[in-house]
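See below for the structure under consideration.
The values are calculated or read from the model by the stated rules, or taken from the named source; none is laboratory data. No experiment lies behind these values; they were computed from the predicted model shown. Here Cβ is always computed from backbone atoms with ideal geometry, including for glycine, and neighbour counts include all displayed protein chains. For accessibility, only protein heavy atoms count, side chains too; no ligands or nucleic acids. Shrake-Rupley method; radii C 1.70, N 1.55, O 1.52, S 1.80 Å.
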Amino acid sequence: MKRITVLGAGNGAQTLAADLVSKGHQVTLYEHPDFEAKIKDLNSKGNRIILTNTINVEGRLHLATTDIADAVRDAEIIFFVAPTFAQTPIFTLALPYFESGQTVVIIPGNFGSLSLKKMLKDSRGPDLLLAEADTLPYACRLIENGKVNVWGIKTFVRIGTLPGGDFSKLKTVLDGVFPVGIHELPTSLAAGLGNANMVVHCATMVMNAGRIESEKGNFRFYTDGMTESVCRVQEEVDRERLAVAEAYGIKLASTFEGLKNMYGLEGNSLHEVLAGSPVYGSHGPDAPKEMGHRYLSEDVPYLLVTVSALGKVAGVPTPVIDSVILLAGTANGTDYTTAGWTVENLGIQGMNKQSIIEFIQ
C-alpha cells in the first residue's frame, strides 16, 4: 500500500483516486480552496467515489480536503490531475510542504514539469522526482460529483521525467501503482510534445465555432465534429508537432498511430479512427457549449503556443499551428501567446535549441 495524494478533483482526478483506492492504496484527494463546495459534497457522501461503465468500482478516500499541508504531508506519490492553468496556483500553495524524496507526476503534464522545476529552484525547494504523462489514462466524464462515467481505459500512457535520466527511478516507484502500463519517453519535454489534445481539440473547436455557439454542445464532438476536412487540418497540426519534436531529437508516434495503439482502435486515417471509435462516439452529444472551453483556453496557450515557441527556437516553421492559435485567440478575444506558458515561466528564456536539450536531459 502506498500513501498517494491526487491534486485536483475533476473527472480525471476522481477517476484516478477511486481506481487507486480499489487497488488497495491510501488516497487523499485535494482541491483548491476556491472549489471547497466540491470537497464538502464529497465529505457528505462519506468520501466515496463511484466509477461506472468500463470500470465498476467504489472507492472510499482516506481524506478529501482543501488543506494543502494535509494533502502533501507524508505522501509518497503525488499525482497532479487538474487543468494546466491550475498548476501554478496549486504548486505555489504546495511549495512549503513538499518533502525531499517525494515523486510528483503531472497528468497530463503539458510542459508543467519545467515550470515546477523553476519554482523549486527559485524557492530553494526540496529534491523531488518530477515526471509528466502525455495524457490521462482514462476517457471519462463526471455524471455528478463523486460519480464518474469511464468510457474507456488506455492500455498505456507515455511518461517522461525531468531530467530524462530519472525514468528508471520513476518506474520503480510506479510499478504496481499506476493503473495502466507506462512507456518511457526520453524526457518530460517529450511528454508535453506528445499530448495529442492539441491535435484533436484545437482545430476542431475553431472549425466548428458556428455549430458550437448555435447548437450549444448538441453534437458529438469527436465524431460529428471531426469530419474528413477537419481531420486533414488535425493531421497537418500533427505533422508540425512531430517536426518540432524531431528537431529536439525526440521521435514520437503520430496521433493516428497513438490512438490506435492506446485504445486498440482500427482505421486507415485519423478520421476513420475517430469516427469509428466506440470510446468517443457511443455516448451521445458531448461537444463544448461555448468557445471558452478548456479545449481552447487550456490546449492553445499551454500546448500549441509552447510548440510554436519551441519551433521558432529550432528554426522549424509551424504555419498551421500558428493559424489555429491566431484564430482561437481572435474568436475568444484573448492573446493566447501570453496567456499560458512563456519561455520565462518555463525557465528556458534565452536558451538555444542545444541548451534546451541539455537542460531537459
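Sort the following peptides by mean Cβ neighbour count (other Cβ atoms within 10 Å, averaged over residues), highest first: 21-27, 240-246. Working shown, then result.
Values: 21-27: 18.6, 240-246: 20.6.
Answer by packing, highest mean first, reads 240-246, 21-27.
Given the -39500 (n - 2.57) contribution per DSSP H run of 4+ residues, what per-residue ellipticity at 222 nm results for the chain, rounded to the nearest 500 deg cm²/dmol?
Values: 19 runs with 155 residues, N = 361.
One gets -11500 deg cm²/dmol as the mean residue ellipticity at 222 nm.
Please figure out what share of the DSSP beta bridges in the chain is antiparallel and state it in percent, rounded to the nearest 5.
Bridges in the chain are about 35 percent antiparallel.
For K38, go through the lysines and keep the ones whose alpha-carbon is under 17 Å away, minus same-chain ones fewer than eight residues off.
Result set, ordered by chain and number: K147.
Evaluate the charge dipole of the stretch 97-227 about its Cα centre and quote only its size in Debye, nearest 20, assuming +1 on the Cβ of each Lys and Arg and -1 on the Cβ of each Asp and Glu.
80
Grab the other residues whose beta carbon is less than 12 angstrom from that of R239, score K and R as +1, D and E as -1, and report the net.
-3
Just the accessible area per residue of the chain, please: how many Å² with a 1.4 Å probe?
Numbers: 14130 Å² over 361 residues.
Here the per-residue accessible area is 39 Å².
Over the chain, what percent of the accessible surface lies on carbon and sulfur atoms, probe 1.4 Å?
Roughly 50 percent, rounded to a whole number.
Taking the full set of protein chains and a 1.4 angstrom probe, give the accessible area of D41 in square angstrom, rounded to the nearest 10.
Its accessible surface works out to 50 Å², give or take rounding.
Using the Karplus curve 6.51 cos²θ - 1.76 cosθ + 1.60 with θ = phi - 60°, work out ³J(HN,Hα) for each residue of the stretch 128-142 in order, rounded to whole Hz, and write x for Gly and Pro.
Those phi angles translate into 10, 8, 9, 8, 9, 9, 7, 6, 6, x, 10, 9, 7, 9, 5 Hz.
Looking at L303, M119, I325, which one has the Cα that reaches farthest to the positive end of the dipole of the chain (charges on Cβ: Lys, Arg +1; Asp, Glu -1)?
M119
Students often check this: by mean Cβ neighbours within 10 Å, which of 206-213, 3-10 ranks highest, and how do the rest follow?
Numbers: 206-213: 17.8, 3-10: 23.9.
The densest-packed peptide leads the list: 3-10, 206-213.
Less than 23 Å apart at the alpha-carbon level, and either on another chain or at least 8 residues along: which lysines does that give for K260?
K154, K251
Roughly how many Å² of Y295 are accessible to a 1.4 Å probe, to the nearest 10?
0
Give a residue-ordered list of calculated ³J(HN,Hα) values for the stretch 165-178 (Karplus: 6.51 cos²θ - 1.76 cosθ + 1.60, θ = phi - 60°; whole Hz; x for Gly, Pro).
x, 8, 4, 4, 5, 4, 4, 4, 5, 8, 4, x, 10, 5
Would you list which lysines come within 16 Å of K312, measuring only between C-alpha atoms, while excluding same-chain residues fewer than 8 positions from it?
K353
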